[in-house]
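Chemist: I'd like to ask some things about the structure below.
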Amino acid sequence: MATKPFRTRLLGQFIGLSITIGLLITLAVLFATERNVQARVEQQMLVGEKVLQALIETRQNLLTGSAQILTSDFGFKKAVAVGDRATTESALSNQARRIGADLMLLLSLEGDIMARDSNTAIDSQQMPPLANMALSKGKVAGFSRIGDDLYQVIVLPVKAPTPIALTVVGFRVDQELAEKLKELTNLDIAFITHASRDEVTASTLDESQVLKADNEIHGLSFFSQRVSHIKSSSEFDLLWGGSMDVVLLSHLDSVYRDFDRLSLQIVGTALVAVLLSLILAAISSKRLVEPVSKLASGARRIARGHYEEPVEADSEVLELSELSQAINGMQDEIRQREEKILYQANHDHLTGLLLSAKLLQSLRGELSNLREFALLTIGSPQLRDINNAFGHEVGDACLVEVAKRLEPFTASQSHACRIRNYFKLRIDDVSNLETLMHDVIATLEMPYWVQGLRLQMNFNIGVAHYPDQADDADSVWRRSNMALDTATSEQLKIGYYRDGEDQKRTARVELINDLRKQLQNKEQGEVFMAYQPKRRLDDNTVSHAEALIRWVHPELGFVSPEDFIPLAEQTGLINELSRWVVSQVAAQIARWRSQGIRMSVAINLSAEDLFNAETRLHIEKVLHDFDLEPSAISFEVTESAVIRDNGDERNLIGDLRDKGFSIAVDDFGTGYSSLEQLKKVPVSHLKIDKSFVLQLAQNREDQIIVRSTIELAHQLGLEVIAEGVEDAQSEQLLKEYGCDWVQGYYLAKPMNADDFNEWLASHNETA
Ligand code: C2E
Ligand code: MG
Ligand code: MG
């Protein structure tokens, strides 16, 4: 459907309505007026008819009275009886004068004129047979044609005592009478006789007009076929044959004129009314449409995202002001929602702190206005372990609590952010930075109570200073991270960024690229596997070894796995490395077998490997390729990785155990787990971390820990390996504690395959 502007539509409807109403009213008034005028004409005719009737009667009475006076006058009778013509005629003339009669004569009983008044010029031949009629009836009254004229007459006999003669008295029905009647009734009049032919005897109008006149008042139409006159006629019988119509004619010209003038006024008034209502419609539609347009432009402004100004309709129309209120309400809600969305987009949902990208962005933006500031990166080695050990809910609660404790140290909430298990804090007032950082650590290291658990965490802070240590936001950011790494690795509470660290980082990137190349190199090169034997304590046999990766860099020399393994983990190279190790180890076991040596080798896996399906498939494939059974290989997984893997459906540990591999928990005692938790993980061996073993012979505490760990592990059905056994006393102690395996420099250092073979041969000889 085509859309039209509201105003056009509204105006169109107004125009249509007012024209229709105007037309209806005009027509109704015109028809009512027509009926009114008709009634007036009708009334006029009726009055005319009554006046005519009265006049005829009055004349009749006058004639009768005059004739009676004559016929009853003794002197007149005597003069008639004796034939005194002079006296008779004088009496007739007197009487005629007195009533103004046009006809006054005396007839003999035979109908001959005996005497007449002086004005009556009629002879006996012109007289109709009135005498006989009067003698038989006693009296004759009515209209009669006498001679050339029409008369209203009365004929009375003169009795002495029997009739001796007849008096005839009459008024002429002529033009004079017609004019007189017109004067009285204000109507035109015509006397028409119908005898041998129709004849207009007297009329105030032309004969043609009389005949054209319409006699139907009710059918009179003012709108079409107008006639000039309307008539009503009264019929009278003539005294001997024929009849006479007295026709009253109402001239319609003035009526039509009045009607037309009135119609014109009505139509004019209606037109003015329509015009006025149009102007009114235009004004009121403008009043309606303008606020609606304002509201529409307000709504468009809101759609463009400008919520500052309220939308005003400026209208007294209730619905429009309600609509403007509703739009304003909507605007407020949209603004609030947008603010909320914006807040959520910029803030960490957990802690309510700024998102790290936003903090960095704000640093970049504000840098030119900042004189100096320090950027602190705060971390705790336990935060991640807590997540693994007690689940995300506890971990999240700790993060929230840490954020809350940091609050008093920030100038504004927008100066702090969280990145996973780390926090960053921008400190603008660096005058007492050292004290402040110690306060932060003291506050953060207070015990945490979460879900009934009392948790203790250690925190480290890395700090970089702008502009002393970095002159752009990204560098400050990166260098405060490095400072934390330094603090953590060197076990310092506070680590300051050291000049040149960044460059070291770059060197590390180069290192990892070199490592990648080495792993892809098919030839035996800088990277190779070393093997460290394990001895069973009950029979002193060596049938197991741990594979440890070695890298001798052409420029850097020996690079410790402690340095490049974490790098490989951080850069995603670890899966490729682990697969490489699996291949190398399997090939070596096969080689040993061909040399008659049966050796089961443990391979270290990283936490990242546990979720990598490709690694899983690779292990199966390699075993198949070298025709090895699962007992030829075992795996070592660090304590924290085992706990992290706990309960995960993609769990590689469970899978490997199902396939018949042994799994050892490496570095046990360094993480945040308990034996209780290990119970749930399908591991078979437990490797006590070397930090508890290295000084075992000297350290009482280590002895207690190691001893109880061995006992508990046995209760859980796990075999125990002690790594880092450097002396005979320690080995002896371990033997006493019931430890199953030992590994360490005391037995042998990790060796390349050739050295291992040599060592094994000499070991077997001495054993
Ligand atoms: P780890 O798995 O706990 O390996 C034992 C580490 O202790 C080895 O260090 C070994 O040389 C050292 N060690 C053994 N006996 C003694 C001793 O009596 N005294 C002392 N002071 N140290 C001893 P290494 O080879 O430097 O390896 C360090 C760590 O690097 C390993 O700890 C392991 O976590 C990781 N690593 C080594 N090779 C690989 C590998 O192929 N893959 C993976 N994912 N990690 C590896
Ligand atoms: Mg190991
Ligand atoms: Mg270890």
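Chemist: Limited to segment 629-645, what total is found for residues that are at pLDDT 90 or above, of a type outside the set (Gly, Ala, Ser), away from ligand 3 (no atom under 16 Å from the Cβ) and buried (at least 19 other Cβ atoms within 10 Å of the Cβ)?
Modeler: Residues meeting the conditions: 1.
Chemist: Output the residue which, of all residues in segment 575-604 that are within 22 Å of residue 643 (Cβ to Cβ) and at pLDDT 95 or above, is farthest from ligand 2 (Cβ to nearest atom).
Modeler: Looking at the filtered set, the residue picked out is 578.
Chemist: Keeping to segment 1-59, report how many residues are over 30 Å from residue 286 (Cβ atoms) and either not in a helix (DSSP H, G or I) or not small (Gly, Ala, Ser) (or both).
Modeler: Summing the residues that are over 30 Å from residue 286 (Cβ atoms) and either not in a helix (DSSP H, G or I) or not small (Gly, Ala, Ser) (or both) in segment 1-59 gives 28.
Residues checked against (1) open to solvent by 30 Å² or more (accessible area, probe 1.4 Å); (2) more than 13 Å from ligand 1 (Cβ to nearest atom); (3) more than 26 Å from residue 616 (Cβ to Cβ); (4) not assigned by TED's automatic domain parsing to the domain that holds residue 642:
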{"site": "671", "(1), (2), (3), (4)": "no, no, no, no"}
{"site": "674", "(1), (2), (3), (4)": "yes, yes, yes, no"}
{"site": "694", "(1), (2), (3), (4)": "yes, no, yes, no"}
{"site": "699", "(1), (2), (3), (4)": "yes, yes, yes, no"}
{"site": "707", "(1), (2), (3), (4)": "yes, yes, yes, no"}
{"site": "743", "(1), (2), (3), (4)": "no, no, yes, no"}
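Chemist: Something else: So, in segment 114-124, of the ones that are touching a Gly at 6+ places or on another chain (Cβ under 9 Å) and modelled with pLDDT of 80 or more, which residue ends up surrounded by the fewest Cβ atoms within 10 Å (Cβ to Cβ)?
Modeler: Residue satisfying both the conditions and the ranking: 123.
Quick grid of which residues meet (1) of a type outside the set (S, T, N, Q); (2) over 27 Å from residue 521 (Cβ atoms):
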site	(1), (2)
573	yes, no
583	no, no
640	no, yes
654	yes, yes
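Chemist: From the list 279, 266, which one is β-branched (Val, Ile, Thr) and loosely packed, with under 11 Cβ neighbours inside 10 Å?
Modeler: Every option except 279 fails the conditions.
Chemist: Can I ask one more? Counting just the residues of segment 587-612 that are within 54 Å of the chain's Cα centre (by Cα) and open to solvent by less than 60 Å² (accessible area, probe 1.4 Å), which one comes out nearest to residue 655 (Cα to Cα)?
Modeler: Here the residue is 610.
Chemist: Taking only segment 462-495 into account, find how many residues are open to solvent by 10 Å² or more (accessible area, probe 1.4 Å) and either of a type in the set (Ser, Thr, Tyr) or closer than 28 Å to residue 369 by Cβ (or both).
Modeler: Within segment 462-495, residues that are open to solvent by 10 Å² or more (accessible area, probe 1.4 Å) and either of a type in the set (Ser, Thr, Tyr) or closer than 28 Å to residue 369 by Cβ (or both) number 16.
Chemist: Take segment 344-382 and flag every residue that is outside the structural domain of residue 430 (by TED's automatic domain parsing), of a type outside the set (A, V, I, L, M) and surrounded by fewer than 11 Cβ atoms within 10 Å (Cβ to Cβ).
Modeler: 349
Chemist: Scan the strands (runs of 3 or more DSSP E) fully inside segment 148-241 and keep the ones with 2 or more residues being in the same structural domain as residue 88 (by TED's automatic domain parsing) and over 30 Å from residue 114 (Cα atoms).
Modeler: Per the criteria, 188-194, 198-203, 229-237.
Chemist: Moving on. Exactly one of (1) of a type in the set (A, V, I, L, M); (2) under 25 Å from residue 395 (Cβ atoms); (3) touching an Asp or Glu at 6+ places or on another chain (Cβ under 9 Å) is unmet by residue 453. Its number?
Modeler: All conditions pass for residue 453, except number (3).
Chemist: Every residue in segment 673-693 that is away from ligand 3 (no atom under 16 Å from the Cβ), under 60 Å from the mean Cα position of the chain (by Cα) and not small (Gly, Ala, Ser), please.
Modeler: Those that are away from ligand 3 (no atom under 16 Å from the Cβ), under 60 Å from the mean Cα position of the chain (by Cα) and not small (Gly, Ala, Ser): 676, 677, 679, 680, 681, 682.
Chemist: A further question follows. Suppose we filter 652, 696 for residues that are more than 60 Å from the chain's Cα centre (by Cα), farther than 18 Å from residue 544 by Cβ and away from ligand 2 (no atom under 16 Å from the Cβ); which single one remains?
Modeler: 696
Chemist: Still on this structure, please answer the following. If you scan segment 560-586, which residues turn out to be near ligand 1 (Cβ under 10 Å from one of its atoms) and among the β-branched types (Val, Ile, Thr)?
Modeler: 565, 574, 581, 582, 585
Chemist: What tally of residues in segment 383-394 results from selecting those that are within 27 Å of residue 464 (Cα to Cα) and either of a type in the set (Phe, Trp, Tyr) or open to solvent by less than 20 Å² (accessible area, probe 1.4 Å) (or both)?
Modeler: Qualifying residue count for the region: 1.
Chemist: Which of the residues spanning segment 745-761 are open to solvent by less than 60 Å² (accessible area, probe 1.4 Å) and farther than 13 Å from residue 545 by Cβ?
Modeler: Selection gives 761 alone.
Chemist: For the list (1) open to solvent by 20 Å² or more (accessible area, probe 1.4 Å); (2) out of contact with any helix residue (DSSP H, G or I) (no Cβ under 6 Å at 6 or more places or on another chain); (3) within 14 Å of ligand 1 (Cβ to nearest atom), I need the number of the one condition that residue 730 fails.
Modeler: Residue 730 satisfies every listed condition except (1).
Chemist: Please work out which residue is farthest from residue 351 (Cα to Cα), limiting yourself to segment 397-424 and to residues that are aliphatic (A, V, I, L, M) and in contact with a strand residue (DSSP E or B) (Cβ under 9 Å, 6 or more places away or on another chain).
Modeler: Among residues in segment 397-424 that are aliphatic (A, V, I, L, M) and in contact with a strand residue (DSSP E or B) (Cβ under 9 Å, 6 or more places away or on another chain), the one farthest from residue 351 (Cα to Cα) is 411.
Chemist: I would also like to ask the following. Restricting attention to segment 285-317, and to residues there that are free of Cβ contacts under 8 Å to residues at least 12 places away in the same chain and in a helix (DSSP H, G or I), which single residue is nearest to residue 338 (Cα to Cα)?
Modeler: So the residue we want is 303.
Chemist: Please pick out the residue among 257, 301, 226 that is surrounded by fewer than 13 Cβ atoms within 10 Å (Cβ to Cβ) and among the basic types (Lys, Arg).
Modeler: 257
Chemist: Further question: So, in segment 534-562, of the ones that are assigned to a strand (DSSP E or B) and charged (D, E, K, R), which residue ends up most open to solvent (accessible area, probe 1.4 Å)?
Modeler: Filtering first and then ranking leaves 536.
Chemist: Let me ask another. Scanning for something in a loop (DSSP other than H, G, I, E, B), in the same structural domain as residue 157 (by TED's automatic domain parsing), open to solvent by less than 40 Å² (accessible area, probe 1.4 Å) and at pLDDT 85 or above, does segment 71-82 turn up at least one residue?
Modeler: Scanning segment 71-82, I find no residue that is in a loop (DSSP other than H, G, I, E, B), in the same structural domain as residue 157 (by TED's automatic domain parsing), open to solvent by less than 40 Å² (accessible area, probe 1.4 Å) and at pLDDT 85 or above, so the answer is no.
The values are calculated or read from the model by the stated rules, or taken from the named source; none is laboratory data. Given the structure is predicted, the values throughout are model-derived calculations rather than measurements. Cβ atoms come from the backbone with ideal geometry, glycine included; neighbour counts cover every protein chain shown. Note: accessible area is taken over every heavy atom of the protein model, side chains too, but ligands, DNA and RNA are not part of it. Shrake-Rupley method; radii C 1.70, N 1.55, O 1.52, S 1.80 Å.
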